[in-house]
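The values are calculated or read from the model by the stated rules, or taken from the named source; none is laboratory data. Given the structure is predicted, the values throughout are model-derived calculations rather than measurements. Ideal geometry is used to build each Cβ from the backbone, glycine not excepted, and the neighbour counts take in all protein chains shown. Note: areas computed on protein heavy atoms with side chains; ligands, DNA, RNA excluded. Shrake-Rupley method; radii C 1.70, N 1.55, O 1.52, S 1.80 Å.
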Amino acid sequence: MAHSEDFTERALRAVHTAAHALGSPETSAHEGAELIRMGERAVFRLCEGAVIARVERSAARWAEADREVRAARWLTERGLPVNRPLPGEQPVLAEDTAVTLWEGIQGEWTVPRELAGLLHTLHGLTPPPTLDLPELDPFDRVAERIDIAPGLNPTQRDRLREAHRDLATRLPATKPVLGTHIIHGDANIGNVLATPNGVVLFDLDGICWGPPEWDLVLTALYRDLGWHSEAEYADFCEAYGFDVTVWEGYPLYKQIRELRMTTWLAQKRGESPEIDAEIDQRISDLADPRRPRAWNPY
């Protein structure tokens, strides 16, 4: 399995502790918390979706969880529609994890153009020094994922490590053209929902200082993968005011994103035969950037 039963149980107990500490009406982690996603952190739905709990794998991620909460509160003050943490002292330390509780978002998937508008606003903001944003690390957690992903054979791990080394060697020669700004870090259409009050941006755990190109490349890549149409991508570029694919660094950023997507999915090996086949296909494809990709979204 891509995650241990031990962590699932520990995460449930941590959610129970955090919910009580923050006064959430969730009364029993086992009865009231529904696991909706398991990856590098566990995500639970509480109170019939009114509250979302995010549980880090260990307390070592407390600083990142703390930054996410503070960034969300600051962005809310600045008028950017983002997922809001519940009031109170967060993160909550419990069961050797860091737990954060958030208002649930009731909404529908939207279109890339809406994401572009949010990113244009975000990239134009100046965060306070107290937010203490880190510099972008395009390879954050990649080596760790390669090491711990279950079920990969030695050849697959070697291929992923070689791709990592190659891309990391080439990256310093790539010069972004849009400057350095506050960026989301994982700006894909899956992190935006349309609500009756407008679109909302969420999953701010990757917020940092970096080139806006890093945020823009995912929508272009999704277009290349066939997950967005040409018209949707054209609307995205028009709304933002820049087409990242005309920048000479796009192919390299695209390959880094593909590596990140592959290593993220590799953590989920064993969850289904379809996911296992997708992991194998992606690792094979990474060897040739020109090979057409028939990847499925997860």
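Taken together, the residues in the range 171-188 that are among the aliphatic types (A, V, I, L, M), open to solvent by less than 40 Å² (accessible area, probe 1.4 Å) and part of a loop (DSSP other than H, G, I, E, B) amount to 1. Taking strands (runs of 3 or more DSSP E) as the structural unit, those lying wholly within the range 49-155 and holding at least 3 residues that are within 30 Å of residue 273 (Cβ to Cβ) correspond to 51-56.
Which one of these is charged (D, E, K, R) and over 16 Å from the mean Cα position of the chain (by Cα): 140, 186, 147?
147
Restricting the search to the range 63-77, which residues are more than 21 Å from residue 120 (Cα to Cα) and acidic (Asp, Glu)?
Here is the first cut: in the range 63-77, the ones more than 21 Å from residue 120 (Cα to Cα) are 63-67, 69.
Matches in the range 63-77: 64, 66.
Taking the criterion of being touching a Ser or Thr at 6+ places or on another chain (Cβ under 9 Å), open to solvent by less than 10 Å² (accessible area, probe 1.4 Å) and either of a type outside the set (Gly, Ala, Ser) or modelled with pLDDT of 95 or more (or both), would at least one residue in the range 27-35 satisfy it? No, the range 27-35 contains no residue that is touching a Ser or Thr at 6+ places or on another chain (Cβ under 9 Å), open to solvent by less than 10 Å² (accessible area, probe 1.4 Å) and either of a type outside the set (Gly, Ala, Ser) or modelled with pLDDT of 95 or more (or both).
For the range 192-205, check the following and say yes or no: at least one residue is acidic (Asp, Glu) and under 24 Å from residue 252 (Cα atoms). Walk me through it before giving the result.
Here is the first cut: in the range 192-205, the ones acidic (Asp, Glu) are 203, 205.
Remaining after also requiring under 24 Å from residue 252 (Cα atoms): 205.
Taking every residue of the range 192-205 in turn, at least one turns out to be acidic (Asp, Glu) and under 24 Å from residue 252 (Cα atoms).
Restricting 76, 100 to residues that are more than 20 Å from residue 267 (Cβ to Cβ), modelled with pLDDT of 95 or more and buried (at least 21 other Cβ atoms within 10 Å of the Cβ) narrows the list to 100.
Scanning the range 107-122 for residues that are at pLDDT 95 or above and either within 14 Å of residue 74 (Cα to Cα) or open to solvent by 60 Å² or more (accessible area, probe 1.4 Å) (or both) gives 111, 113, 114, 120, 121, 122.
Just checking, does the range 125-137 include any residue being aliphatic (A, V, I, L, M), open to solvent by 30 Å² or more (accessible area, probe 1.4 Å), farther than 18 Å from residue 236 by Cα and under 20 Å from the mean Cα position of the chain (by Cα)? Reasoning before the result, please.
Keep residues of the range 125-137 that are aliphatic (A, V, I, L, M), which gives 125, 131, 133, 136.
Pick out the ones that are also open to solvent by 30 Å² or more (accessible area, probe 1.4 Å) and you get 136.
Narrowing further to those that are farther than 18 Å from residue 236 by Cα: 136.
In the following step, the residues that additionally are under 20 Å from the mean Cα position of the chain (by Cα) were identified as 136.
Scanning the range 125-137 turns up at least one residue that is aliphatic (A, V, I, L, M), open to solvent by 30 Å² or more (accessible area, probe 1.4 Å), farther than 18 Å from residue 236 by Cα and under 20 Å from the mean Cα position of the chain (by Cα).
In the range 94-112, is there at least one residue being in contact with a Phe, Trp or Tyr (Cβ under 9 Å, 6 or more places away or on another chain), of a type outside the set (A, V, I, L, M, F, W, C) and closer than 19 Å to residue 186 by Cβ? Yes, because at least one residue in the range 94-112 is in contact with a Phe, Trp or Tyr (Cβ under 9 Å, 6 or more places away or on another chain), of a type outside the set (A, V, I, L, M, F, W, C) and closer than 19 Å to residue 186 by Cβ. In the range 88-97, the residue that is most open to solvent (accessible area, probe 1.4 Å) out of those that are closer than 16 Å to residue 68 by Cβ and touching a helix residue (DSSP H, G or I) at 6+ places or on another chain (Cβ under 7 Å) is 93.
Of all the criteria given as (1) touching a Cys at 6+ places or on another chain (Cβ under 6 Å); (2) at pLDDT below 95, the one not satisfied by residue 185 is (2). The single condition from (1) within 19 Å of residue 197 (Cβ to Cβ); (2) surrounded by fewer than 16 Cβ atoms within 10 Å (Cβ to Cβ); (3) not aromatic (Phe, Trp, Tyr) that residue 157 fails is (1).
Only one of the numbered conditions (1) over 18 Å from the mean Cα position of the chain (by Cα); (2) at pLDDT below 95; (3) aliphatic (A, V, I, L, M) is not met by residue 86, and that is (2).
Only one residue in 105, 146 is touching a Lys or Arg at 6+ places or on another chain (Cβ under 7 Å) and either of a type in the set (D, E, K, R) or over 18 Å from residue 254 (Cα atoms) (or both), so which one is that?
Working: 105 fails: touching a Lys or Arg at 6+ places or on another chain (Cβ under 7 Å).
Result: 146 is the single residue among 105, 146 that is touching a Lys or Arg at 6+ places or on another chain (Cβ under 7 Å) and either of a type in the set (D, E, K, R) or over 18 Å from residue 254 (Cα atoms) (or both).
Number of residues in the range 202-227 that are charged (D, E, K, R), under 15 Å from the mean Cα position of the chain (by Cα) and at pLDDT 95 or above equals 1.
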